[in-house]
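A short reminder: the numbers here are calculations on the coordinates, not readings from a lab. A quick note: this is a predicted structure, and the numbers were derived from the prediction, not measured. Glycine also receives a Cβ, built like all others from the backbone with ideal geometry; neighbour counts cover every protein chain displayed.
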Amino acid sequence: MTAKIAIVMGSKSDWETMAPASELLTEFNVAWRAEVVSAHRTPERLFNFARNAKAEGISLIIAGAGGAAHLPGMIASMTPLPVLGVPVQSKALSGLDSLLSIVQMPKGVAVGTLAIGAAGAFNAALLAIQMLAINDPALAEKLDAWRAQQTQTVLDNAHIGQH
Ligand code: RP5
């Protein structure tokens with residue numbers, strides 16, 4: 001299957017954070033591919049990735065990075081595809097640096113920024129699935145069932161205790 005979603009990250013050390021995105025996409029049978037593309041350490045690879053992603057059949061890019069996290073914004077500057085940015089938790093500043101680097105895009109180049117860490121990566125995949133589902137009724141049906149199941153699980157565990 002040709003990948004519809006590209007998951008990219010600044011370092012292999014980001015994979016632990018980004019893997020939940022791949023797991024949700026797999027659960028929904030949405031084809032994905034993941035690779036390391038570093039804005040600072042491999043700028044030419046970044047350029048090639050961003051310039052070719054659309055022609056390679058990618059519909060949406062999920063980009064995770066930590067620290068001075070320029071990756072999502074730089075990719076967004078070179079592709080018309082939607083880019084979802086995931087701030088990876090950094091050691092020095094707990095990911096606040098990553099969050100601010102990704103979220104504060106100047107007017108005119110858009111990155112959709114998610115929460116810091118694995119929850120953000122998971123939600124990036126969820127948002128990607130929601131976007132694809134707009135034009136894919138079978139995927140939309142699966143998504144409805146997934147959300148109904150999630151609601152049911154919460155309801156089943158809603159009673160915490162009493163005295
Ligand atoms: C960023 O620097 C990466 O996205 C990663 O979150 C962080 C640390 O990278 P490593 O030193 O673990 O390669 O570029």
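Observations, loosely collected:
- Charge context of Ala125, other residues only, Cβ under 11 angstrom, K/R +1, D/E -1: -2
- Relative contact order of region 32-123, defined on C-alpha pairs under 8 angstrom at six or more residues apart (%): 25 percent
- Note on the chain: helix-only mean residue ellipticity at 222 nm, from DSSP H runs of 4+ residues weighted -39500 (n - 2.57) and normalised by residue number, equals -14500 deg cm²/dmol.
- Protection proxy ranking of 153-159, 93-99, 68-74 - average other beta-carbon atoms within 10 Å, highest first: 68-74, 93-99, 153-159
- Cα gyration tensor category, rounded, prolate or oblate, for region 78-137 with a/c compared to 1.5: oblate
- Couplings for region 123-128, taken from phi via the Karplus curve 6.51 cos²θ - 1.76 cosθ + 1.60 with θ = phi - 60°, read 5, 4, 5, 4, 5, 4 Hz in order; Gly and Pro are left as x.
- Between the residues Met78, Leu155, Ala121, the greatest Cα displacement towards the positive end of the dipole of region 5-156, with unit charges on the Cβ of Lys, Arg, Asp and Glu, is found for Met78.
- The Rg/Rh ratio of region 13-78, with both radii computed over alpha carbons and Rh defined as the Kirkwood radius, is 0.96.
- Working value for the chain: equivalent-ellipsoid semi-axes of 28, 21, 13 Å, each the square root of 5 times a Cα gyration tensor eigenvalue, largest first.
- A Cβ-based charge dipole, computed about the Cα centre of the chain with Lys and Arg at +1 and Asp and Glu at -1, lands at about 480 debye.
- Solvent-free Debye calculation, one equal scatterer per alpha-carbon of region 31-113: log10 I(q)/I(0) at 0.14, 0.18 Å⁻¹ equals -0.42, -0.70.
- Asn48/Trp146 FRET efficiency (R0 41 Å; Cβ-Cβ; nearest 0.05): 0.75
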